[in-house]
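Coordinate-derived values only; no laboratory data. Here the structure is a predicted model, which is why all the values come from computation and not from measurement. All Cβ positions, even for glycine, are placed from backbone atoms using ideal geometry, and neighbour counts span all protein chains on display.
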Amino acid sequence: MNYSIDDFTDDGVLKPGLFLTLIVAVLSRFLLYGPLSLLASRGGITGGNSYIDVSVLSVDSPFLMLTSIPPVVILYILVARNSASRELIRNIWKHGRLILLVSVVCQLVLQIAVVAMAGVAGLPVLVGVIVTAYCTFYLATSGRVRDVFASFPTSKQYTEDGAG
């Protein structure tokens with residue numbers, strides 16, 4: 001693909017961009033619902049004692065929370081990757097697209113299963129299913145996602161005369 005010079009870091013690594021970062025954050029949402037609902041119900045977000053309806057932040061299945069753990073790891077690596085990263089981080093990043101795809105497909109299946117078991121789906125649940133379906137489509141078809149996960153800052157460990 002053709003990218004502008006602004007799409008690369010100084011090391012020549014393709015930047016993930018805002019949209020991919022938002023997609024990964026959206027995939028992490030089930031793990032973040034608990035802390036957000038606690039903050040909102042205690043008045044931590046509003047700064048006062050007013051009550052905020054946090055029913056939209058409830059998670060019906062602990063499996064949905066488990067499927068949000070890999071995107072949180074990818075989000076951390078996305079922010080913290082550099083040339084001094086360990087081999088484990090590099091391997092996780094190399095398979096990051098596949099990890100995200102498996103996670104988002106599991107989220108989609110679990111969300112559809114929750115809707116099927118409940119028999120009735122409210123608007124927030126339907127919006128969540130649509131967003132998850134779009135994330136699945138984006139991660140599966142986007143060339144930028146493939147290119148971002150194919151690049152990583154090169155290690156600065158240079159050898160002289162074959163010595164490590």
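Quick notes on this one:
- Residues in the stretch 92-104 that are within 21 Å of G128 (Cβ to Cβ) and either of a type in the set (D, E) or touching a helix residue (DSSP H, G or I) at 6+ places or on another chain (Cβ under 6 Å) (or both): I99, L100, L101, S103, V104.
- A residue that is under 24 Å from V73 (Cβ atoms), outside any loop (DSSP other than H, G, I, E, B) and out of contact with any Phe, Trp or Tyr (no Cβ under 7 Å at 6 or more places or on another chain) can be found somewhere in the stretch 118-128.
- Residue match in the stretch 77-89 (condition: among the hydroxyl-bearing types (S, T, Y) and farther than 15 Å from V24 by Cα): yes
- The lone criterion from (1) under 25 Å from P16 (Cα atoms); (2) touching a Leu at 6+ places or on another chain (Cβ under 6 Å) left unmet by T141 is number (2).
- The set of residues in the stretch 132-149 that are surrounded by 17 or more Cβ atoms within 10 Å (Cβ to Cβ) and over 24 Å from K94 (Cβ atoms) contains only T132.
- Note on the stretch 105-126: residues that are surrounded by 14 or more Cβ atoms within 10 Å (Cβ to Cβ) and within 14 Å of L27 (Cα to Cα) total 6.
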